[in-house]
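The values are calculated or read from the model by the stated rules, or taken from the named source; none is laboratory data. These figures come from a predicted structure and were not determined experimentally. Don't worry about glycine lacking a Cβ; one is built from the backbone with ideal geometry, like all the others, and counts go over all protein chains shown.
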Amino acid sequence: MISSKFEYRKPTNVDEAVELYGEFEGSAVYLSGGTDLVPRMKLGLEKPRAVIDLKAIDSLSVLEDQGQWIKIGSEVRIFDLKQNELIQDLFPALASSLEATSCETLQMRGTIGGNLLQNCRCLFYNQSEFWRRSKGFCLKMGGEKCNAVPGAKTCFANYCSDNAPSLCTLSAEVELSGPKGQRRISLEELYTNKADKPFDIQPGEILTAIFVPKKKTIGDYEKLRVRCAIDYPLLGVAFSLVDGTGKLAVGAIGPKPIVVELGESPKQSVKEAVKGVLDQVRPVNNTVLDREYRKRMISIMAERLVNKVMEGAK
Ligand SMILES: Cc1cc2nc3c(=O)[nH]c(=O)nc-3n(C[C@H](O)[C@H](O)[C@H](O)COP(=O)(O)OP(=O)(O)OC[C@H]3O[C@@H](n4cnc5c(N)ncnc54)[C@H](O)[C@@H]3O)c2cc1C
């Protein structure tokens, strides 16, 4: 499959990148590692006039200890991040989800910013244009129906970032720069909860950095997938204990991670907290695993994970 024609630009600072976006009147996309974007372009899911490569912007590749926060530039590669000693020491849930992300070849190319902004996926959407046309375009393609759930008025694609759940358990924040200036919001606020437009990002905004509170935490991440070698998560569960308080996040089963507080006794509260998660998820048969199985695995994986981390903490 060949993507449609586009112009390629490689700015060296954020302002220049934002300006370039404006020049193409919004018909431009930002490129980081390209491991999500390029396949989407080849499938004809994106047909931009211009691709603006962010890799030459040095300020986006910085990882620094700012005292109260660890700042992670959006262009930091997953492989480099998972090997960073500070990340391994302070944020074991994140280190674990980075390790679980796809395979090392992809980790060496894919960035943390691109990982968070990867688009939602569905068996009926991530297909060739020929395939999609024969089925009839779905809601996520600007059509009027859902091919996964006939009659549905909402899109059911899944947001499959492995690292979003773990960053949510660490109360991470994200910084965005765009035509209207800079803003900083919690990672949870980035999500719209709508799979056809998953991010609350304004046209031209660049995710410049992720900020994680600098606190020593314990935690871990568990991932459900068919092949451990490379697959996307079909369910991902992260848990972190920060300042004695537990947080659990469940991802890859809907358009955003679902985050619940576990308080000071995570082992005791996890069962009840999972009920809250189960009330919110609406898995459908749009992955290679059955929806009932994925739903059932939430409590199994969450309880197993929390118990394992808390037992290890003794
Ligand atoms: C075979 C395969 C397996 C995969 N397995 C996994 C997996 O197991 N777990 C997982 O989490 N992901 C997986 N992915 C998805 C994806 O490749 C990774 O998440 C990767 O980290 C994406 O980062 P990237 O830098 O390549 O993003 P890109 O492809 O460059 O960008 C992703 C999206 O974000 C936008 N974007 C990128 N950077 C910015 C920025 N700084 N500001 C604003 N917009 C931006 C792009 O326009 C694009 O829409 C897989 C992909 C493939 C092809």
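So SER97 ticks every box in (1) at pLDDT below 95; (2) within 11 Å of the ligand (Cβ to nearest atom) but one. Which box is left unticked?
(1)
Every residue, every condition in (1) farther than 16 Å from PHE199 by Cα; (2) in contact with a strand residue (DSSP E or B) (Cβ under 9 Å, 6 or more places away or on another chain); (3) surrounded by 16 or more Cβ atoms within 10 Å (Cβ to Cβ), yes or no:
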{"position": "TRP131", "(1), (2), (3)": "yes, no, no"}
{"position": "LYS135", "(1), (2), (3)": "yes, no, no"}
{"position": "CYS138", "(1), (2), (3)": "yes, yes, yes"}
{"position": "GLY142", "(1), (2), (3)": "yes, no, no"}
{"position": "SER161", "(1), (2), (3)": "no, yes, yes"}
{"position": "PRO165", "(1), (2), (3)": "no, yes, yes"}
{"position": "SER171", "(1), (2), (3)": "yes, yes, yes"}
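Among the listed residues ILE230, ILE206, ILE218, identify the single one that is surrounded by fewer than 21 Cβ atoms within 10 Å (Cβ to Cβ) and either within 15 Å of the chain's Cα centre (by Cα) or closer than 30 Å to ALA28 by Cα (or both). Don't jump to the end; show me each part of the working.
Details: ILE206 fails: surrounded by fewer than 21 Cβ atoms within 10 Å (Cβ to Cβ); ILE218 fails: either within 15 Å of the chain's Cα centre (by Cα) or closer than 30 Å to ALA28 by Cα (or both).
Result of the check over ILE230, ILE206, ILE218: ILE230.
Go through (1) in a helix (DSSP H, G or I); (2) under 23 Å from GLU175 (Cβ atoms); (3) not assigned by TED's automatic domain parsing to the domain that holds ALA209 for MET41 and report which single condition fails.
Of everything listed in (1) in a helix (DSSP H, G or I); (2) under 23 Å from GLU175 (Cβ atoms); (3) not assigned by TED's automatic domain parsing to the domain that holds ALA209, MET41 misses just condition (2).
Conditions: (1) within 12 Å of the ligand (Cβ to nearest atom); (2) closer than 21 Å to LYS223 by Cβ; (3) free of Cβ contacts under 8 Å to residues at least 60 places away in the same chain; (4) surrounded by 20 or more Cβ atoms within 10 Å (Cβ to Cβ). GLY33 meets all but one. Number of the miss?
Unmet for GLY33, out of (1) within 12 Å of the ligand (Cβ to nearest atom); (2) closer than 21 Å to LYS223 by Cβ; (3) free of Cβ contacts under 8 Å to residues at least 60 places away in the same chain; (4) surrounded by 20 or more Cβ atoms within 10 Å (Cβ to Cβ): (3).
Residues that are assigned by TED's automatic domain parsing to the domain that holds THR111, farther than 30 Å from ALA152 by Cβ and either part of a loop (DSSP other than H, G, I, E, B) or over 16 Å from the mean Cα position of the chain (by Cα) (or both): does the stretch 285-303 have at least one? Give the derivation first.
Applying the first criterion (assigned by TED's automatic domain parsing to the domain that holds THR111) to the stretch 285-303 yields 285-303.
After this cut, where a residue has to be farther than 30 Å from ALA152 by Cβ as well, the list is 303.
Next, only the ones that are either part of a loop (DSSP other than H, G, I, E, B) or over 16 Å from the mean Cα position of the chain (by Cα) (or both) stay: 303.
Yes, some residue in the stretch 285-303 is assigned by TED's automatic domain parsing to the domain that holds THR111, farther than 30 Å from ALA152 by Cβ and either part of a loop (DSSP other than H, G, I, E, B) or over 16 Å from the mean Cα position of the chain (by Cα) (or both).
Please specify each residue of the stretch 101-126 satisfying the condition of being closer than 24 Å to ASN193 by Cβ and either more than 8 Å from the ligand (Cβ to nearest atom) or of a type in the set (A, V, I, L, M) (or both).
Within the stretch 101-126, ILE112, LEU116, LEU117, CYS120, ARG121, CYS122, LEU123, PHE124, TYR125, ASN126 qualify.
Within the set of pairs 6 or more residues apart or between chains, which connect a residue that is on the phi > 0 side of the Ramachandran plot inside the stretch 181-205 to a residue that is part of a loop (DSSP other than H, G, I, E, B) and surrounded by fewer than 18 Cβ atoms within 10 Å (Cβ to Cβ) with Cβ atoms less than 6 Å apart?
GLY204/PRO179
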